[in-house]
Amino acid sequence: MNVRDEQPAHVSFLDRVTRRRRQRAFGFAAGAAALGILAIAIATGSFSSSADQSVAAEAGMRLAGAPLQATSGLGSVWVLTCERDCSGRQSAGQIVRVDSRTGEISQRINVVDANAFAIGAGALWLTHVYEGSASRIDPGTGRTTRTIKLALPKPVVPGDRQFLPDSISAGNDSVWVTTARGWV
């Protein structure tokens, strides 16, 4: 038996999450930035073949941190960023709202331990991998209105029911959260 076999089942998943956060924040930041800037450029009608940075500079945007994810909804483009400790438990960043008509930043919502987010059911939904939870955020005020603790319906190994959310999707009346541990 090797050392890896003796570790709790969630350790390898948390290692993957840490690596993915590090890759997103550092190794893949250029790709994520391109995705976010492209979404903003398309939404604002300012898309051109010029370099990604010139589109962001033209729009006057300072996202403050490495872009991790971008999506659109509620008349805006939303970008999840990480500013500090992007590969650890104390990660901090923002959800940045960009007005799709003007291309200007209209709102910044500070977030911690953010892993992924979605828009649906009239709210922003954010997963927290280390807390094992999902939060509902009012898009108008930026305030968390509810946090739901997630747990697996049965243990992966005795005593380990940590959900460790991986991704989130939201519709009109439901929110779905996945884990690499085989549950939705």
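Grab the other residues whose beta carbon is less than 13 angstrom from that of V77, score K and R as +1, D and E as -1, and report the net. With Lys, Arg at +1 and Asp, Glu at -1, the neighbours total 0.
Solvent exposure of the stretch 93-157 amounts to 45 Å² per residue of accessible area, where only protein heavy atoms count and the probe is 1.4 Å. With a simple spin-label model that places each label point 7 Å from the Cα along the Cα-to-Cβ direction, the separation between V184 and E83 comes to 3.5 nm.
Measuring spread by the Cα atoms of the stretch 74-184 yields a radius of gyration and Dmax of 14.7, 53 Å. Summing charges over all other residues whose Cβ lies under 15 Å from the Cβ of P153, with Lys and Arg as +1 and Asp and Glu as -1, gives +3. Counting protein heavy atoms only, the stretch 73-114 has 41 percent of its accessible area on carbon and sulfur, 1.4 angstrom probe.
The values are calculated or read from the model by the stated rules, or taken from the named source; none is laboratory data. Please read all numbers here as calculations on a predicted model, not as lab measurements. For neighbour counting, all protein chains shown are included, and Cβ atoms are generated from backbone atoms with ideal geometry for every residue, glycine included. Heavy atoms of the whole protein, side chains included, go into the accessibility calculation; ligands, DNA and RNA do not. Shrake-Rupley method; radii C 1.70, N 1.55, O 1.52, S 1.80 Å.
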